[in-house]
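Taking it in order: structure first as structure tokens, then the write-up.
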Amino acid sequence: MAKKIPEIPSASLADIAFMLLIFFLVTTTMDVDSGLERRLPQWVDPEQLEDDQQIKERNVFVVLVNRNNDLLVEGEYADIDNLRERAKEFMANPYDEEDLPEKEPQQIPFFGETMVTKGVISLRNDLDTQYGTYIAVQNELVAAINELRDELARERFGKPYDELERDQQNAIRDIYPSRISEAEPKKVE
Amino acid sequence: MSKFRKSGGKELPPISTASLPDIVFMLLFFFMVSTTMREVTYKVDITLPQATELSKLEKKSLVSYIYVGEPKPQFQNKFGVAPRIQLNDQFATVGDIQDYVIAEREARDEAERPQMITSLKVDENTKMGIVSDIKQELRKSAALHINYSSRQRIER
């Protein structure tokens, strides 16, 4: 009869596993990183910066945030709750109004020749603006464009924007481009 | 001749602990899968701002972080209470950002460099002055893809 090999004691296995568990509990975090994704413009040397980019007044949606976190939209005080609606109206310009941005026809896949807005949102903040307010304003502007895209996606393809194919998304992105320009911060009165 | 057994002899058998390691291992694997390693020890206090249009940072390995906020109480006698920048594990100035971005870029595979994202974790009470400076530095070092880290806000 072969000699029986004694079993390895497994009583301490639980302790070892507990130790590992506690190590991972302490050194890891649960939170998923998420945030507002933006792209910064290319760096341009201030001396080479030409100031002659003439954009028509009606094509610019000016949002100013001053040091007291007040909003000035198109020259008048505004509330952040209305900002999204106004930005949407500006970018879409559904009734081709005179004071809202011009549109120019462009060939776009899936849509054919479509009128694309020339509107630009210009966001400018003071050096003393609070970061929280700045993010709130950015969020509203991004939300406005996202909502427009989503509405168009549902109308044309019957699906939310997120579920579309890549080239369908690109087509919609061409119609509603995310044009939020951030000038260098200045004193905002 | 024990016709009568001693009273109290019927004790409950002890609960078997043979499955305890299995249970603990299950917990362990759950935590290993669902959590991520802490990147750094925070030296600044950060309360992230709230937003609704969030996108997740998909590839953790391609993200470099910049933290801005008030120094934690134990550093305040040395660094004051004005918001400071933290890169990796130490306090830094705006001038260090370009070097940091270059170092981060060098550490990545060449094919992955275009997809790199810089995540800005900034306290919501910080003034925009310091954030604008950081953005200018990032533009100078061509790290244009950024992510303003924020919490999910529940819409009313």
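Numerical summary
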| read-out | value |
| --- | --- |
| Residue count, segment B:73-87 (criterion: surrounded by 15 or more Cβ atoms within 10 Å (Cβ to Cβ) and within 22 Å of B:Tyr148 (Cβ to Cβ)) | 5 |
| Of all residues making up segment B:23-36, the number that are more than 14 Å from A:Phe23 (Cβ to Cβ) and touching a helix residue (DSSP H, G or I) at 6+ places or on another chain (Cβ under 9 Å) | 2 |
| Restricting segment A:18-40 to residues that are part of a helix (DSSP H, G or I) and more than 7 Å from chain B (Cβ to nearest Cβ), the residue that is modelled with the lowest pLDDT | A:Val26 |
| Extreme residue, surrounded by the most Cβ atoms within 10 Å (Cβ to Cβ), among residues of segment A:41-69 that are at the interface with chain B (Cβ under 9 Å from one of its Cβ atoms) and modelled with pLDDT of 85 or more | A:Val65 |
| Filter result for B:Leu120 (in a strand (DSSP E or B), in contact (Cβ under 8 Å) with a residue 40 or more places away in the chain and of a type in the set (A, V, I, L, M, F, W, C)) | yes |
| Any hit, segment B:129-149, residues being farther than 21 Å from A:Pro41 by Cβ and either at the interface with chain A (Cβ under 7 Å from one of its Cβ atoms) or among the charged types (D, E, K, R) (or both) | no |
| Conditions (1) at pLDDT below 80; (2) farther than 26 Å from A:Phe90 by Cβ; (3) more than 7 Å from chain B (Cβ to nearest Cβ); (4) over 24 Å from the mean Cα position of the chain (by Cα): number failed by A:Asp15 | (1) |
| Which numbered condition B:Pro71 misses (of (1) modelled with pLDDT under 90; (2) farther than 30 Å from B:Glu110 by Cβ) | (1) |
| Flag if B:Ala111 is more than 18 Å from A:Asp128 (Cβ to Cβ), at pLDDT below 90 and surrounded by 18 or more Cβ atoms within 10 Å (Cβ to Cβ) | no |
| Verdict on A:Glu155 being in a helix (DSSP H, G or I), within 17 Å of A:Arg58 (Cβ to Cβ), more than 14 Å from chain B (Cβ to nearest Cβ) and without any contact (Cβ under 8 Å) to a residue 24 or more places away in the chain | no |
| Checklist (1) touching a residue at least 60 places away in the same chain (Cβ under 8 Å); (2) assigned to a loop (DSSP other than H, G, I, E, B); (3) closer than 27 Å to A:Asn170 by Cβ applied to A:Asp128, failing item | (3) |
| Where A:Met115 falls short, out of the listed (1) buried (at least 17 other Cβ atoms within 10 Å of the Cβ); (2) away from every other protein chain (no Cβ under 14 Å) | (1) |
| Residues being assigned to a loop (DSSP other than H, G, I, E, B), farther than 20 Å from B:Ile97 by Cβ, hydroxyl-bearing (Ser, Thr, Tyr) and more than 7 Å from chain A (Cβ to nearest Cβ) - total across segment B:42-66 | 1 |
| Residue check, B:Ser55 buried (at least 16 other Cβ atoms within 10 Å of the Cβ), within 19 Å of A:Gly35 (Cα to Cα) and small (Gly, Ala, Ser) | no |
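To keep it simple, each residue is scored yes or no on (1) surrounded by 15 or more Cβ atoms within 10 Å (Cβ to Cβ); (2) of a type in the set (Gly, Ala, Ser); (3) out of contact with any Cys (no Cβ under 7 Å at 6 or more places or on another chain).
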| site | (1), (2), (3) |
| --- | --- |
| A:Thr28 | no, no, yes |
| A:Val32 | no, no, yes |
| A:Leu36 | yes, no, yes |
| A:Leu72 | yes, no, yes |
| A:Arg86 | yes, no, yes |
| A:Gly119 | yes, yes, yes |
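The values are calculated or read from the model by the stated rules, or taken from the named source; none is laboratory data. Remember, predicted model here, so these are calculated numbers, not experimental data. Note that each Cβ is placed from the backbone with ideal geometry, even for glycine, and that neighbours are counted across all protein chains shown.
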